[in-house]
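The values are calculated or read from the model by the stated rules, or taken from the named source; none is laboratory data. Since the model is a prediction, treat every value here as computed from it, not as a measurement. Quick reminder, even Gly has a Cβ in these numbers, built from the backbone with ideal geometry, and neighbours come from all protein chains shown. Ligands, DNA and RNA are stripped out before the accessible areas are found, and what is left, the full protein with its side chains, is counted by its heavy atoms. Shrake-Rupley method; radii C 1.70, N 1.55, O 1.52, S 1.80 Å.
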Amino acid sequence: MAVTFKICIDCADPHRLADFWAGAMGYAVEDHSKLIATLLDQGIVTDDHVVDVHGRKGWKTAAAVRDPDAPFDGHSGVGKGMRLLFQTVPEPKTVKNRLHLDLHYGPDSYEAEADRLEALGATRLGAYDEDGAKWILMADPEGNEFCCHA
């Protein structure tokens, strides 16, 4: 049986990265406000654990994006398909990623998509054309590398 998983990304600002990656991938930012309201009402968490994000309560140290076409839990907001979870860590990024995402936009649109990603806050790091494969190496707003593929 296949294992369900999510990709976790350490960061300084989980909500900024959730917004960026939702825009980059056509994903939805998870809305955890119903779960947070329940946990606040029960006294399980306090206002110290949450922040206002786009007019609703979100976790102070975490945010996630999900495939908008996959099922999700309506109360928790957690997706049941492919997800990216962004979690706050105290240390900054210092070295090259050991794992990165490849976003496949296709040969007719990857360059325009790289422009769009720059407008969202990404940085171009290089362009490559090797053995028939073309891609643009980029970094998200916190410097995490990813590839924009043809």
Sites D48 and M82 - FRET efficiency at Förster radius 22 Å, r taken between beta-carbons, to 0.05: 0.10
Segment 2-48: trypsin sites (Lys or Arg not before Pro) in DSSP loop, at most 15 other beta carbons within 10 Å: K6
Percent RCO, i.e. relative contact order, over the chain, from Cα pairs under 8 Å lying at least 6 residues apart: 25 percent
Amide H within-cut-off set for K134, under 5 Å, with H built and near neighbours excluded: A150
Where labels lie 7 Å past Cα in the beta-carbon direction, separation of E111 and E145 in nm: 2.4 nm
When each of K57/K80; K34/K60; K6/K134; K60/K96; K93/K134; K57/K93 is checked by Cα-Cα distance, pairs over 23 Å: K6/K134; K60/K96; K93/K134; K57/K93
Contour excess over end-to-end distance, with Cα ends at A127 and K34 and 0.36 nm allotted per residue: 29.2 nm
Residues with amide H under 5 Å from that of C8, placed H, sequence gap 5 or more: L85
Where N is the number of residues in segment 64-150, Cα Rg divided by 2.2 N^0.38 Å: 1.26
Segment D73-A2, length gained on full extension (0.36 nm per residue, minus Cα span): 23.5 nm
Per residue value of the accessible surface for the chain (all protein chains in place, 1.4 Å probe), Å²: 59 Å²
Antiparallel DSSP beta bridges within the chain, as percent of all bridges there, nearest 5: 75 percent
Per-residue HN-Hα couplings for segment 54-61 [Karplus 6.51, -1.76, 1.60; θ = phi - 60°; Hz; x = Gly/Pro]: 6, x, 9, 6, x, 5, 5, 10
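Quantify, in whole percent, the carbon and sulfur part of the accessible surface of the chain (1.4 Å probe; protein heavy atoms only).
53 percent
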